[in-house]
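The values are calculated or read from the model by the stated rules, or taken from the named source; none is laboratory data. Everything numeric here is computed off the predicted structure, so don't read it as measured data. So basically every Cβ, Gly included, is an ideal-geometry build from the backbone, and we count neighbours across all protein chains shown.
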Amino acid sequence: MKILNPKSYILNSNSKGFTIIEMLVIIGTLSLISAILIINIRSGGQQVILFREQAKILSILSKAKSLGVATFGKTGVPCGYGVHFEAPSTFLIFKDLAGDCQVSDKRYSGGAEIYEAFQLDPVLKFDTLTLSDVIFIPPDPSVVITPSQDEATVVIKVIKSGTSATIKINSAGQIST
């Protein structure tokens, strides 16, 4: 029978490995870096949502403008197409359904005029709306902003972080960010 020497179980000073203190420092550092990354990933996701919704509003304004131009010269069609904004997060494309386009109010007048309705993502809201309606009237298209102004601004904002994106529409029909 072989007898084991108790000294063989004691590690000598030349052995390789990490101490408990070194392991705790490494785990603490990795935890801190992970927490910072998780926070940045979440705010990055909100930025993606913000810019996606900004692009959606730009697309809807362009669609209303295109619809307004496409109706020129046709009988029995709306006098124009526009976009109506309602705080905190609703916007819609509407068609101006006046019987006589010469006396049209050139603004959203209610449910019968809705062409398409949209909502902002729930993490966003309209922060600044200097307009309620913008309508594109054929053939040019002429642009009417309500309330009357040369340039209107739509600002959408992330509710939690306050990050925002701006869309501008001027009386010549130019849409920009």
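Residue-by-condition table, conditions (1) touching an Asp or Glu at 6+ places or on another chain (Cβ under 7 Å); (2) hydroxyl-bearing (Ser, Thr, Tyr); (3) more than 19 Å from Tyr81 (Cβ to Cβ):
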| site | (1), (2), (3) |
| --- | --- |
| Gly111 | no, no, no |
| Ile114 | no, no, no |
| Ala117 | no, no, no |
| Leu120 | yes, no, yes |
| Ile145 | no, no, no |
| Glu151 | no, no, yes |
| Val158 | no, no, yes |
| Gly162 | no, no, yes |
| Gln174 | no, no, no |
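Out of everything in the stretch 124-152 that is crowded, with 16+ Cβ neighbours inside 10 Å and in contact with a helix residue (DSSP H, G or I) (Cβ under 9 Å, 6 or more places away or on another chain), what residue ends up being modelled with the lowest pLDDT?
If we take residues in the stretch 124-152 being crowded, with 16+ Cβ neighbours inside 10 Å and in contact with a helix residue (DSSP H, G or I) (Cβ under 9 Å, 6 or more places away or on another chain), then Pro141 is modelled with the lowest pLDDT.
Filter the stretch 77-101 for residues that are more than 15 Å from Ile156 (Cα to Cα) and assigned to a loop (DSSP other than H, G, I, E, B) and give the result.
Within the stretch 77-101, Val77, Pro78, Cys79, Leu97, Ala98, Gly99, Asp100 qualify.
Quick test of your reading of the structure: Ala117 fulfils all but one of (1) farther than 18 Å from Lys63 by Cα; (2) in a strand (DSSP E or B); (3) of a type in the set (Gly, Ala, Ser). Name the failing condition by number.
(1)
Before we move on, is Ser109 more than 20 Å from Ser66 (Cα to Cα), assigned to a loop (DSSP other than H, G, I, E, B) and free of Cβ contacts under 8 Å to residues at least 60 places away in the same chain?
Taking the combined requirement at face value, the residue satisfies it.
Any chance you could count how many residues in the stretch 155-174 are outside any strand (DSSP E or B) and farther than 30 Å from Arg42 by Cβ?
Summing the residues that are outside any strand (DSSP E or B) and farther than 30 Å from Arg42 by Cβ in the stretch 155-174 gives 4.
Identify, from the list Phe126, Phe136, the residue that is within 29 Å of Thr163 (Cα to Cα), in a strand (DSSP E or B) and touching a residue at least 24 places away in the same chain (Cβ under 8 Å).
Phe126
Have a look at Ser66, Ser104, Ser31, Ser109 and point out the one that is among the polar types (S, T, N, Q), touching a Cys at 6+ places or on another chain (Cβ under 7 Å) and either surrounded by 13 or more Cβ atoms within 10 Å (Cβ to Cβ) or over 18 Å from Ala152 (Cβ atoms) (or both). Outline the logic, then answer.
Working: Ser66 fails: touching a Cys at 6+ places or on another chain (Cβ under 7 Å); Ser31 fails: touching a Cys at 6+ places or on another chain (Cβ under 7 Å); Ser109 fails: touching a Cys at 6+ places or on another chain (Cβ under 7 Å).
Of the residues listed, the single one that is among the polar types (S, T, N, Q), touching a Cys at 6+ places or on another chain (Cβ under 7 Å) and either surrounded by 13 or more Cβ atoms within 10 Å (Cβ to Cβ) or over 18 Å from Ala152 (Cβ atoms) (or both) is Ser104.
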